[in-house]
Amino acid sequence: MKKKIFCFIPARLKSSRLPNKMILKLKGKRIINLVHDICKKNSLLDDVYVATCDQIIENISKKNNAKVIKTSFKHQDCISRVVEAVRKIGSQIKSNDYILIVQGDEVCISNKMLNNFCKTIQKKNLDYFNLLSKINLKKDLNSDSIVKCAINKKDEIIFMTRYGIPYEKNLKLNKIETYRQTGVIAFTKKTLLKYSRLKKKYLEKYESIDMLRIIENGYKIQAFKVKKRMIGVDTPKDYREVKKILN
């Protein structure tokens, strides 16, 4: 039986580097609505939800005809917020169905990209997936706000860090494939709930990368690679850059 894919878009106003970014505008829409509408158009997603702790985001999303699940203010990361939302929905989502997380600031996501990602999820039938974007600019490689990934021959992510991978002063990016993590992640419901019970270990705390919890506990993350440069809106600089690209 084909597994269903449920999409959750975690969002909050109190982002540390760019507060209120979810309600800024791109292409004439609030960022949260822009991302929701891209996901909602995808025919391979069985349902789409916005998961938020903020009344303002809830109101804006509902006016945009989005389904909203209200979550606690205590969450410091997107995955724990989605865990709460998934638990609130309950048995509507089966344990082997997939939970697709698209962070609310992933404004460069496209319908085609989501289609290919969802098809890969269904075909490979693994526990953990993360969409990765090719790094073509040295400024991205050197930015500590961008999470870089080391990948093995099976396209499994073996490490994530905010430092450049590989580290080489004279690195020529066109001669080596280097990838960044994006906020587009997929778990089965069963493995998402398992993740929530795993303890944070040293590398996750040191790097402040929640997906390292999976690797540190001995599990594998399958990479889905795209050539497009993805820019999550984390900082005012990101917002200015994306605004030039999208508007």
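The values are calculated or read from the model by the stated rules, or taken from the named source; none is laboratory data. Here the structure is a predicted model, which means the values were calculated and not measured. FYI the Cβ positions are ideal-geometry reconstructions off the backbone, even for glycines, and counts take in every protein chain you see. Heavy atoms of the whole protein, side chains included, go into the accessibility calculation; ligands, DNA and RNA do not. Shrake-Rupley method; radii C 1.70, N 1.55, O 1.52, S 1.80 Å.
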Placing each pseudo-label 7 Å from Cα in the direction of the beta carbon, N125 and N152 end up separated by a distance in nanometres of 2.2
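Using 0.36 nm per residue, how much length does the chain from R87 to K14 gain when fully extended, once their Cα-Cα distance is taken away?
Working it through step by step, the gained length comes to 24.0 nm.
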Determine how large the accessible area of E204 is when every protein chain is in place; take a 1.4 Å probe and give Å² rounded to the nearest 10. 10
Solvent accessible area, Å² - R12, 1.4 Å probe, full protein context: 70
Under a GNM of the chain (C-alpha, springs under 10 Å), which listed residue has the highest mean-square fluctuation: I69, I209, I176? I176
Mean residue ellipticity at 222 nm from the helices of the chain, using -39,500 (n - 2.57) per DSSP H segment of n ≥ 4 over the full residue count, to the nearest 500 deg cm²/dmol? -9500 deg cm²/dmol
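Could you compute the FRET efficiency for N59 and R240, with r as their C-beta to C-beta distance and R0 at 30 Å, rounded to 0.05?
Numbers: r = 27 Å, r/R0 = 0.89.
It comes out at approximately 0.65.
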Three-way shape label, region 26-133, alpha-carbon gyration tensor, a/c 1.5: oblate
In the neighborhood of I57, defined by Cβ-to-Cβ distances under 10 Å, what is the net charge if each Lys or Arg adds +1 and each Asp or Glu adds -1? +2
What whole-number value in Å² describes the accessible area per residue of region 1-153 for a 1.4 Å probe? 46
Distance between region 92-128 and region 214-247 - C-alpha centres, whole angstrom: 15
Please give the per residue accessible area of region 160-247, computed with a probe of 1.4 Å over protein heavy atoms only, in Å². 56
Considering only protein heavy atoms and a 1.4 Å probe, what is the carbon-and-sulfur percentage of the accessible area of the chain? 50
